[in-house]
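Readers should treat all values here as calculations from the given coordinates under stated rules, not as data from a laboratory. Values in this document were obtained by computation on a predicted structure and should not be read as measured data. Backbone-built Cβ (ideal geometry, glycine too); neighbour counts: all protein chains shown.
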Amino acid sequence: MKILCRLFVFLCGIWFLFKPEITAPSKKYSTNPVIQQFVKNNTPKKELKVRITAYWAKGGDTDSWSAKRQSSTGVKLKPNVSVAVDPRIIPYFSRIYIPNLGFRVAHDTGTAVIQKKASNGKYPIIDIFFMNKKDALKFANSNPKIVKVKIYNRI
């Protein structure tokens, strides 16, 4: 018991001594435009509740644009990178953080995404691109349909 008390007192003393250094803002970095731009780019612009869906290039039941991996912005669709969004809600080339997936980039759109068909008009849609149907269906069946995503500045 004495050891725990001494350890607690020691840790409190260290915290008390170093707290001003940790919490005090540094003038040196706060005026640096590079740091300010980094902070701005890495702070979410907004958070949204969205309906997550999936689309794919290979495996049937796909359109000709997805099969060719051609997006509406002209960027070649990439699995684990590209998503389709409504550009009126989420601007093209925005970085999107999706829980359980990580960061994706808004490269594409589609009429079902804009019309919010999968959510019956209730939530915006983010359609995640996969290379094949098997992976897309596996993802769709093992992840929540409605998630809260963070939207960051365009890359």
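Descriptive notes on the structure:
- Neighbourhood charge, 13 Å Cβ-Cβ cut-off, centred on residue 66 and excluding it, Lys, Arg +1 and Asp, Glu -1: +2
- Cross-link pairs beyond the 32 Å C-alpha cut-off, checked among 40/133; 76/148; 40/134; 76/150: 40/133; 40/134
- Dimensionless Rg ratio for the range 44-154, taking C-alpha atoms and the 2.2 N^0.38 Å reference: 0.96
- Value at 222 nm in deg cm²/dmol, rounded to 500, when DSSP H runs of n ≥ 4 in the chain each add -39,500 (n - 2.57): -9500 deg cm²/dmol
- Between residue 35 and residue 120, the modelled label-to-label distance comes to 5.1 nm, taking each label 7 Å out from Cα in the direction of the beta carbon.
- Overall dimensions of the range 98-154 as given by Cα atoms, namely Rg and Dmax in Å: 11.9, 32
- Taking 75, 83, 50 as the candidate residues, the one with maximal mean-square fluctuation in a Gaussian network model of the chain, Cα springs under 10 Å, is 75.
- Net +/- balance of residues flanking residue 56 in space, Cβ distance below 9 Å, scoring K and R +1, D and E -1: +1
- Computed extension length for residue 43-residue 6: 9.3 nm, one decimal, from 0.36 nm per residue of separation with the Cα-Cα distance subtracted.
- Annotation: the antiparallel percentage among DSSP beta bridges lying fully within the chain is about 65.
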